[in-house]
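The next block holds one structure in the form of structure tokens; read it before the comments.
The values are calculated or read from the model by the stated rules, or taken from the named source; none is laboratory data. The structure presented is a predicted model; accordingly, all values stated were derived computationally and were not measured. With ideal geometry, Cβ positions are generated from the backbone for all residues, glycine too; neighbour counts draw on all protein chains shown.
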């Protein structure tokens, strides 16, 4: 690793929706060992909160496959839907041809399949309670909400604290 290459040590994601369905946004951040961080966000004019949660996670995993990260890095999220889907439900969905235990088609299947790509890093998701004062979760929530409402928000781009 060169001296200029940054080493990721933490990440967080969140999704938001103004109405469900409705305009949605997602927010994400990655922290680095040198104290710098980078933030990301996106918008969808007609979506659901769950889709935004999945898009945020997919975006961070895509970024992490291109940079070095600490082996103990976890992605903090307040989405039990994301965590349960990744850690509990997906193996059974795949065995059943992307059907739920009740035989219905899995919702958001396009995003679940994208999250299941073998080239993505296998990183554990860590549940944090939303709106609880956890710094990273509060920040990605603010980003997601701003994008969902079409508000401007200043994103950090490798800014040291």
* Any idea which residue in segment 78-98 is farthest from residue 10 (Cα to Cα), counting only those that are assigned to a loop (DSSP other than H, G, I, E, B) and either touching a strand residue (DSSP E or B) at 6+ places or on another chain (Cβ under 8 Å) or in contact (Cβ under 8 Å) with a residue 12 or more places away in the chain (or both)? -> 98
* Considering only segment 125-136, state which residues are modelled with pLDDT under 95 and closer than 20 Å to residue 51 by Cα. => 129, 130, 131
* Looking at (1) crowded, with 17+ Cβ neighbours inside 10 Å; (2) in a helix (DSSP H, G or I); (3) in contact with a helix residue (DSSP H, G or I) (Cβ under 9 Å, 6 or more places away or on another chain), which is the one condition that is false for residue 75? -> (2)
* Go through the residues of segment 56-71 one by one and say whether even a single one is under 25 Å from residue 24 (Cα atoms), touching a strand residue (DSSP E or B) at 6+ places or on another chain (Cβ under 6 Å) and without any contact (Cβ under 8 Å) to a residue 60 or more places away in the chain. => yes
* Asked: Just to be sure, is residue 124 touching a residue at least 40 places away in the same chain (Cβ under 8 Å), over 26 Å from residue 45 (Cα atoms) and surrounded by 10 or more Cβ atoms within 10 Å (Cβ to Cβ)?
  -> yes
* Asked: For residue 73, all conditions in the list (1) within 21 Å of residue 48 (Cβ to Cβ); (2) modelled with pLDDT of 95 or more hold save one; what is the number of the exception?
  -> (1)
* Candidate set from segment 127-142 (those that are touching a residue at least 60 places away in the same chain (Cβ under 8 Å) and out of contact with any helix residue (DSSP H, G or I) (no Cβ under 9 Å at 6 or more places or on another chain)); member that is surrounded by the most Cβ atoms within 10 Å (Cβ to Cβ) -> 137
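How about segment 1-28: which of its residues are in a strand (DSSP E or B) and modelled with pLDDT under 95?
7
Within segment 32-53, identify whether any single residue is assigned to a loop (DSSP other than H, G, I, E, B), buried (at least 17 other Cβ atoms within 10 Å of the Cβ) and touching a strand residue (DSSP E or B) at 6+ places or on another chain (Cβ under 7 Å), and answer yes or no. Break it down into steps so the answer makes sense when it comes.
So in segment 32-53, the residues assigned to a loop (DSSP other than H, G, I, E, B) come out as 33-35, 48.
When the remaining residues are screened for being buried (at least 17 other Cβ atoms within 10 Å of the Cβ), the result is 48.
Filter once more, so that each one left must be touching a strand residue (DSSP E or B) at 6+ places or on another chain (Cβ under 7 Å): 48.
Checked segment 32-53: at least one residue is assigned to a loop (DSSP other than H, G, I, E, B), buried (at least 17 other Cβ atoms within 10 Å of the Cβ) and touching a strand residue (DSSP E or B) at 6+ places or on another chain (Cβ under 7 Å).
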* Asked: Taking the condition surrounded by 14 or more Cβ atoms within 10 Å (Cβ to Cβ), touching a residue at least 24 places away in the same chain (Cβ under 8 Å) and closer than 16 Å to residue 114 by Cβ, does residue 29 pass?
  -> no
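Please go through segment 100-109 and give me each residue that is surrounded by 11 or more Cβ atoms within 10 Å (Cβ to Cβ) and at pLDDT 95 or above, ordered by number. Steps first, please.
Let us first name the residues in segment 100-109 that are surrounded by 11 or more Cβ atoms within 10 Å (Cβ to Cβ), namely 100, 106-109.
Selection gives 106, 107, 108, 109.
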* For segment 34-58, enumerate the residues that are out of contact with any helix residue (DSSP H, G or I) (no Cβ under 9 Å at 6 or more places or on another chain), modelled with pLDDT of 95 or more and over 18 Å from residue 153 (Cα atoms). => 46, 48
